[in-house]
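The values are calculated or read from the model by the stated rules, or taken from the named source; none is laboratory data. Computed from a prediction, not measured in an experiment: that's the story for all the values here. Cβ sites come from the backbone with ideal geometry, for glycine too, and all protein chains shown count toward neighbours.
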Amino acid sequence: MGKTYSTEELVSRWEDQRYMKNLMGKYANCVILNKEHEIFDRFWSKKEENLCLSFNDGAYKGAEAIKAYYEAEYRRNDLVAHLLQKRFPEKLGSLSDEELYGIGPFKVKPMSCPIIEIAEDHQTAKGLWYCQGAYNKVEGCGPVARWTWGYFAVDFTYEDDEWKIFNLMYVNDIDCICGQSWGKEEKPYPPLPEFQELADFKYPEYSVKKTIRLLYAPDRVLTKAPEIPVPYRTFAETFSYGIC
Amino acid sequence: MANSRQYTDEELIQRVWDVEEIKKLIHKRVIYIANEMRKEELNDLWVQDPEHKKTASFGRNTGYYTGMDAIYDYYVVHHQNEREEQLKKLHAANPAIADIPQNLHIGCLSSHPVSTGLVELAGDGKTAKGLWYAIAQETEAQPDGTGKALWMPEKIAVDFVKENDDWKIWHIVVSTDLVSEAGEDYSEQEVYHNYETNPVDVEFGTPTIAKLIHNTDFNWWDNYPPMPEAYETFSDAVSYGPEGYVRPALYGLDSKEGRNFR
């Protein structure tokens, strides 16, 4: 640690870390509960202008683009539930839209290994987590379970006495069908006509379409994790998890 | 609190902060491993005090390397040599993969993320002990163009010591419970552990102190490395170094059950 803090400051900074760990825990729970459409309002900054949400193959920049992505997740969840209702009318046919929503996807993103650094000026913070996740989605081939191993890298800003996200990078090394080896060619499941609409489903176009991280492949060169946060004074003096 | 000391508020928050810093240190190690930064790990995260460097140790199932020089030879030099050999084989099989330094570690992926952290800070605040579990995996490119992906669930036990206000790794034991290829049924592997072919044992080589300290034939529950308990000050008796090893009460066939017992 660069700066020496008083006991009171240490207590406060410990609570700040706890807040950010809880925030990401809540984020992961919203994903599990298929409540992606609540994520922006609950966890993202309302004051920062240059917000960024990035994945392996691109980034959404700005509040509108990020909201549009989460809303697309909501629409997709809704579509999955309705397709399952059609496929299993005897079990699901009588459910209302409200009762039906959430059936199908099970996206688990448990976060571990937090490394959090709070700026000396207390205006921002940075966190890096490892995520041994899985998602059990319904795709064009029907239900499929996949392992997803990667990182959450987050920049936080302190506004109105709360920590909020202003850059979030979620990138994976592994995204493979459970039970198969990520070192070998994937054996995909055949498409099912009743789920064809999902194969055609499109997320919004990225604001920045570029490869941010390649998935593991036997010919991938060493690909380092998102940078480890280090102690810093102000955000201007450290790196950003945002994508240009 | 298990120890009987009374702490001031300042001491208590310092202890809370120390535990946070220790967790952060071991989390950084996870990233260093993923980044193939073994040399940097030893420089940044391990002990630097000459006396501590002499007594540092790195244990795995088949023994301990002791002293930072021996640890460096195993953990950095030997690993680098292995990876250079691997790249030569990949290049021989596929000349499109050039045998150049930039391609070292091509097709390799090492993930040892820890969870279930259990940290005990000594009553005197000078050392600490921690135990974690990792559902780890290591993947290496093969000359046939595939990657060999191995699950490696393991316990990671660490002694930490404070040097100039920074916590450092002093002794570590990584006890691997299982090595199993991804996509295969791990209940169908050989009944008895094969030390000649097991990739973890082969990679570990012949350590400074060669002895079986974690027997996965029958002793997944051999309690080595043991859970840290509250303690006042560091001593050999509580060390995760070789001096602290105690032969488990239930050992080998005497335990009458274990892996593949049917």
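Applying a threshold of 9 Å to beta carbon distances and a minimum spacing of six or more residues, or different chains, the list of pairs starting in region A:170-185 at a residue that is at positive phi and outside any strand (DSSP E or B) and ending at one that is of a type in the set (Gly, Ala, Ser) and crowded, with 21+ Cβ neighbours inside 10 Å reads A:GLY179/B:ALA182.
To keep it simple, each residue is scored yes or no on (1) surrounded by fewer than 19 Cβ atoms within 10 Å (Cβ to Cβ); (2) within 14 Å of another protein chain (Cβ to nearest Cβ); (3) polar (S, T, N, Q).
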| position | (1), (2), (3) |
| --- | --- |
| A:THR148 | no, yes, yes |
| A:PHE166 | no, no, no |
| A:ASN172 | no, yes, yes |
| A:SER181 | no, yes, yes |
| A:ASP200 | yes, no, no |
| A:PRO204 | yes, no, no |
| A:GLU227 | yes, yes, no |
| A:CYS244 | yes, no, no |
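Scanning region A:13-37 for residues that are without any contact (Cβ under 8 Å) to a residue 12 or more places away in the chain and surrounded by 14 or more Cβ atoms within 10 Å (Cβ to Cβ) yields A:TRP14, A:LYS35. The condition (being touching a Pro at 6+ places or on another chain (Cβ under 6 Å) and within 17 Å of B:ALA56 (Cα to Cα)) is satisfied by just one residue among B:ILE172, B:ILE209: B:ILE209.
Considering region A:83-114, and only residues there that are surrounded by fewer than 18 Cβ atoms within 10 Å (Cβ to Cβ) and basic (Lys, Arg), the residue that is nearest to the other protein chains (Cβ to nearest Cβ) turns out to be A:ARG87.
Can you work out which of the residues in region A:92-133 that are of a type in the set (Ser, Thr, Tyr) and touching a residue at least 12 places away in the same chain (Cβ under 8 Å) is farthest from A:PHE239 (Cα to Cα)?
A:TYR101
The single condition among (1) part of a strand (DSSP E or B); (2) surrounded by fewer than 16 Cβ atoms within 10 Å (Cβ to Cβ); (3) out of contact with any Phe, Trp or Tyr (no Cβ under 8 Å at 6 or more places or on another chain); (4) not small (Gly, Ala, Ser) that B:THR116 does not satisfy is (3).
For region B:235-246, state whether one or more residues are among the aliphatic types (A, V, I, L, M), modelled with pLDDT of 85 or more and part of a loop (DSSP other than H, G, I, E, B). Checking region B:235-246: at least one residue is among the aliphatic types (A, V, I, L, M), modelled with pLDDT of 85 or more and part of a loop (DSSP other than H, G, I, E, B). Across region B:22-38, the qualifying residues are those that are among the β-branched types (Val, Ile, Thr), in contact with a Cys (Cβ under 9 Å, 6 or more places away or on another chain) and over 13 Å from A:VAL230 (Cβ atoms), and the one among them that is farthest from the other protein chains (Cβ to nearest Cβ) is B:ILE26.
Scanning region B:130-158 for residues that are closer than 11 Å to B:VAL114 by Cα and facing chain A (nearest Cβ under 7 Å) returns a single hit, B:ILE135.
None of B:GLU41, B:GLU10 is away from chain A (no Cβ under 11 Å), more than 13 Å from B:LYS162 (Cα to Cα) and of a type in the set (D, E, K, R) except B:GLU41. Somewhere in region A:87-110, is a residue of a type in the set (A, V, I, L, M), under 25 Å from A:PRO188 (Cβ atoms) and not in a strand (DSSP E or B)? Yes, there is a match, as at least one residue in region A:87-110 is of a type in the set (A, V, I, L, M), under 25 Å from A:PRO188 (Cβ atoms) and not in a strand (DSSP E or B). Scanning region B:44-59 for residues that are outside any helix (DSSP H, G or I) and either at the interface with chain A (Cβ under 8 Å from one of its Cβ atoms) or in contact with a helix residue (DSSP H, G or I) (Cβ under 8 Å, 6 or more places away or on another chain) (or both) yields B:LEU45, B:TRP46, B:VAL47, B:ALA56, B:SER57, B:PHE58, B:GLY59.
Residue-by-condition table, conditions (1) without any contact (Cβ under 8 Å) to a residue 24 or more places away in the chain; (2) aliphatic (A, V, I, L, M):
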| position | (1), (2) |
| --- | --- |
| B:TYR64 | no, no |
| B:ILE71 | no, yes |
| B:TYR75 | no, no |
| B:HIS79 | no, no |
| B:GLU85 | yes, no |
| B:ALA96 | yes, yes |
| B:PRO101 | yes, no |
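The condition of being within 14 Å of another protein chain (Cβ to nearest Cβ) and closer than 23 Å to A:SER112 by Cβ holds for B:PRO113.
Is it the case that some residue within region B:82-98 is over 30 Å from B:GLY123 (Cβ atoms), more than 10 Å from chain A (Cβ to nearest Cβ), buried (at least 19 other Cβ atoms within 10 Å of the Cβ) and among the aliphatic types (A, V, I, L, M)? Yes. Taking the criterion of being touching a helix residue (DSSP H, G or I) at 6+ places or on another chain (Cβ under 7 Å) and closer than 21 Å to B:LEU118 by Cβ, the only residue of region B:21-32 that qualifies is B:ARG29.
The rows are residues; the columns are (1) of a type in the set (Ser, Thr, Tyr); (2) within 14 Å of chain A (Cβ to nearest Cβ); (3) in contact (Cβ under 8 Å) with a residue 24 or more places away in the chain.
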{"position": "B:TRP170", "(1), (2), (3)": "no, no, yes"}
{"position": "B:VAL174", "(1), (2), (3)": "no, no, yes"}
{"position": "B:SER180", "(1), (2), (3)": "yes, yes, yes"}
{"position": "B:ASP185", "(1), (2), (3)": "no, yes, no"}
{"position": "B:THR197", "(1), (2), (3)": "yes, no, no"}
{"position": "B:GLY205", "(1), (2), (3)": "no, no, yes"}
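For region A:115-146, filtering for residues that are surrounded by fewer than 20 Cβ atoms within 10 Å (Cβ to Cβ), assigned to a strand (DSSP E or B) and touching a helix residue (DSSP H, G or I) at 6+ places or on another chain (Cβ under 7 Å) leaves 2. In this entry, B:LEU131 is excluded by the filter for residues that are in contact with a helix residue (DSSP H, G or I) (Cβ under 6 Å, 6 or more places away or on another chain) and buried (at least 16 other Cβ atoms within 10 Å of the Cβ).
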